[in-house]
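Undergrad: My questions will all concern the structure given below.
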Amino acid sequence: MPTRRVVGQRDRVEAGLRERGVGMRNRTIGLTRVVTRATLLAACLAATGCSLLGLAPQLEEAATVEYYTGTVDRESPGKGPVIVVLHDTRAGEKAIAFYDIVPTQGVYHLMAEPGSYLVFAFEDGNGNYAFDPGERSASLRGQPGNARDSQAPAQRGRLVVRTGGPAPGYGIDLSAGGLATSFARRASRCGVVTTLDDARFAPEQVEAGVYRPMDFVRETGPGLFLLEPYDASRIPVVLVHGMDGSPRDFAVIVDHLDRSRLQPWVFYYPTGLTLSFSAFALDQFLEELQSRLGFSRLYLVAHSMGGLVSRGAINLRLGDGRRTEVERFVTISTPWLGHAAANLGVKTAPVVVPSWRDMSPGSAYLQGLFAVAWPPAIERSMLFSFHGHSMMTPGSDDGAVSVQSMLAYPAQDGTRLVRGLDEDHTSILKSPKTLELLGELLGPS
């Protein structure tokens, strides 16, 4: 039977996804200032509508989410992806609560609120993302039980799709039209074409992602958006923002991409939740779009915390034994060793933003970032900033993150380029030198 993990404030997600850290942004209301305010407990407690205190019920809701994982195999070689769906069977009704697309075979990941579920999988041989009679299938019944961290995915929730397997008992249609009807929220966030002016990227939504993250998940994101219609002849460049950020942070970079070769995509996520959650979401969206669009090459450019999210997502794929289409990975001012301000927030704030725990130096998430071996085929580069001075960081910094954190030795191993720029934590995204370097790093081989 499938196994369950409760995704609480630390989001201890299984199947190789350890807790990792998050980065910072030196915005008007960035983490450093938020944590500083958080130490003034009396003032915060007296303030009406304090953002941190309003976070508590959001975290209680997040703690109820359950996580299911297992493996998919086929009785014999086949064609098409295997689609795994989590059926909600409460009150005698069947509806899809969540789904995952497994390109060939390997690990599936599902999330849902507490309930009674059945896991059903089918081989989509004709590629229409719908279950058709005669397609090979499998199912698991019974209420999931708790699992130990030491259990390997192969020991849990194993599905073997086979000829003559069970039928779901109702129609399953995850095509574009079917998604628009039954999964409108997911359909509107996965591969939808939009612009950086999208209202979802507005500052008030960014703030909700920190202090009302579950509202953000329901109403706004997370999502992987295209900034122009998909073109199979050009390489996608996924841009991943940092703490308290949004896709709008990359406006200058987007304007200067070589659009004859590259097409910009943006990942948007609630920066208050754990980094394991955001890495999981990025991995899910990338895998679904690869299955639907069929791209074979991908570049990732990530700022600050986005570098930690992105590495966590790639670790998920590699740790599961799945291939990754990522060929080049460029991080910009990423705090690989975390930030002292996050640790101060964890110790003193009345309510702790989950990402602060991941960001604290020495956190389990940070320690696990380099536990998965990366193939040499993934070309890595690092840009870092050093113009600034923050009272919250020891030594040299860029106004938000210490240079020491940005230059962690494990992150430098095997890199194509490590280059420092005389910019602060946010101006580096607009620097002419950054644009020049990205032109080289993302240019023709």
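Undergrad: Which residue out of Arg259, Arg322 is in contact (Cβ under 8 Å) with a residue 60 or more places away in the chain, of a type in the set (Lys, Arg) and out of contact with any helix residue (DSSP H, G or I) (no Cβ under 7 Å at 6 or more places or on another chain)?
TA: From the options Arg259, Arg322, the qualifying one is Arg322.
Undergrad: Working carefully through the options Arg74, Arg33, find the one that is over 19 Å from Gly169 (Cα atoms) and at pLDDT 90 or above.
TA: Exactly one residue qualifies, and that residue is Arg74.
Undergrad: How do the helices (runs of 4 or more DSSP H) wholly within the range 172-251 filter down when requiring 2 or more residues that are within 30 Å of Gly345 (Cα to Cα): which remain?
TA: 203-211, 213-219
Undergrad: Working only within the range 333-362, note down all residues that are in a helix (DSSP H, G or I), over 21 Å from the mean Cα position of the chain (by Cα) and not β-branched (Val, Ile, Thr).
TA: Result: Ala340, Ala341, Asn343, Leu344, Gly345, Lys347.
Undergrad: Moving on to the next point. Between a first residue in the range 389-402 that is in the same structural domain as Gly307 (by TED's automatic domain parsing) and modelled with pLDDT of 90 or more and a second residue that is of a type in the set (Asp, Glu) and in a loop (DSSP other than H, G, I, E, B), which pairs have beta carbons less than 8 Å apart while being 6 or more apart in sequence or on different chains?
TA: Here the result reads Asp398/Glu423; Asp398/Asp424; Gly399/Asp424; Ala400/Asp424, each pair linking the range 389-402 to a residue that is of a type in the set (Asp, Glu) and in a loop (DSSP other than H, G, I, E, B).
Undergrad: Against the conditions (1) part of a helix (DSSP H, G or I); (2) farther than 28 Å from Leu421 by Cβ; (3) under 20 Å from the mean Cα position of the chain (by Cα), where does Ala373 fall short? Just the number, please.
TA: (1)
Undergrad: Which members of the range 122-144 meet the condition of being outside any loop (DSSP other than H, G, I, E, B), closer than 23 Å to Leu179 by Cβ and touching a Lys or Arg at 6+ places or on another chain (Cβ under 9 Å)?
TA: Scanning the range 122-144 gives Phe122, Glu123, Ser137, Ala138.
Undergrad: Under 8 Å between Cβ atoms, at least 6 apart or on separate chains: pull out the pairs that start in the range 102-131 with a residue that is more than 19 Å from Thr64 (Cβ to Cβ) and assigned by TED's automatic domain parsing to the domain that holds Gly157 and end on any residue that is part of a loop (DSSP other than H, G, I, E, B) and of a type in the set (Ser, Thr, Tyr).
TA: Leu118/Thr89; Asn128/Ser175; Tyr129/Ser175; Ala130/Ser175
The values are calculated or read from the model by the stated rules, or taken from the named source; none is laboratory data. Since we're looking at a predicted model, the values are computed, not measured. Every residue, glycine as well, gets a Cβ built from its backbone with ideal geometry; the counts of neighbours run over all protein chains shown.
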